[in-house]
Amino acid sequence: MSKGRREAVADWLMLLAAPLLLGSLFLTWSHQLSVSLLARDGGTAILQGVPRDPTAWQVYSTADVLLALLAVGLVAAALRGGRPARLVLMALLGVALAFTAHALSVPPTNGATVFDPGASPPADVANAPAAGPGVTVALIALAMGIAGVLLSLTTD
């Protein structure tokens with residue numbers, strides 16, 4: 001593959017990854033209330049105000065903004081980024097990939113816990129949150145971004 005074609009493919013990968021990553025922040029990142037918890041307490045006031053399927057914007061206070069800035073960085077690198085900028089971007093993408101992979105294995109929640117004083121012994125109600133599609137879309141976008149940056153580094 002020629003150098004020009006590699007540059008074009010790399011830039012397009014980064015340009016496609018950016019809106020995909022940004023869009024993932026608006027998708028569900030966590031089904032933070034399990035089906036069993038909702039069946040038991042879903043109709044009560046106990047869970048009122050707790051989002052059932054929060055987006056990244058609802059469960060994170062800083063990480064969501066950093067991922068959005070990373071999406072902007074992908075666009076900037078594709079349009080004007082030189083080798084040093086792309087090396088920094090590569091490191092940031094690696095950190096974001098590790099963070100997002102962790103979110104897949106340990107779904108984010110806002111810490112809502114339901115305590116059942118009537119249980120014997122009294123205890124928290126079991127809840128098993130699950131990762132939402134936003135995490136998967138973010139992983140795909142980050143993989144595309146990494147592939148684009150790596151490919152761009154081969155053209156220098």
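Does the range 22-42 contain at least one residue that is touching a Leu at 6+ places or on another chain (Cβ under 9 Å), of a type outside the set (Gly, Ala, Ser), modelled with pLDDT under 90 and buried (at least 17 other Cβ atoms within 10 Å of the Cβ)? Break it down stepwise before answering.
So in the range 22-42, the residues touching a Leu at 6+ places or on another chain (Cβ under 9 Å) come out as 22, 24-25, 33, 37-38, 41-42.
Among the residues that remain, those that are also of a type outside the set (Gly, Ala, Ser) are: 22, 25, 33, 37-38, 41.
Okay, now just the ones that are also modelled with pLDDT under 90, so 33, 37-38, 41.
Keeping just the survivors that are buried (at least 17 other Cβ atoms within 10 Å of the Cβ) gives 33, 37.
Yes, the conditions are met somewhere in the range 22-42.
Have a look at ALA126, ALA101, ALA138 and point out the one that is touching a helix residue (DSSP H, G or I) at 6+ places or on another chain (Cβ under 9 Å), at pLDDT below 90 and within 24 Å of THR28 (Cβ to Cβ).
Values: ALA101 fails: at pLDDT below 90; ALA138 fails: at pLDDT below 90.
Only one candidate passes the filter, namely ALA126.
Collect the residues in the range 1-21 that are within 14 Å of the chain's Cα centre (by Cα) and surrounded by 16 or more Cβ atoms within 10 Å (Cβ to Cβ), keeping them in residue-number order.
Passing the criteria: ALA17, ALA18, LEU20, LEU21.
The values are calculated or read from the model by the stated rules, or taken from the named source; none is laboratory data. On a predicted model such as this, the values are computed, not experimentally measured, just so you know. Please note: Cβ atoms are built from the backbone with ideal geometry, for glycine as well, and neighbour counts cover all protein chains shown.
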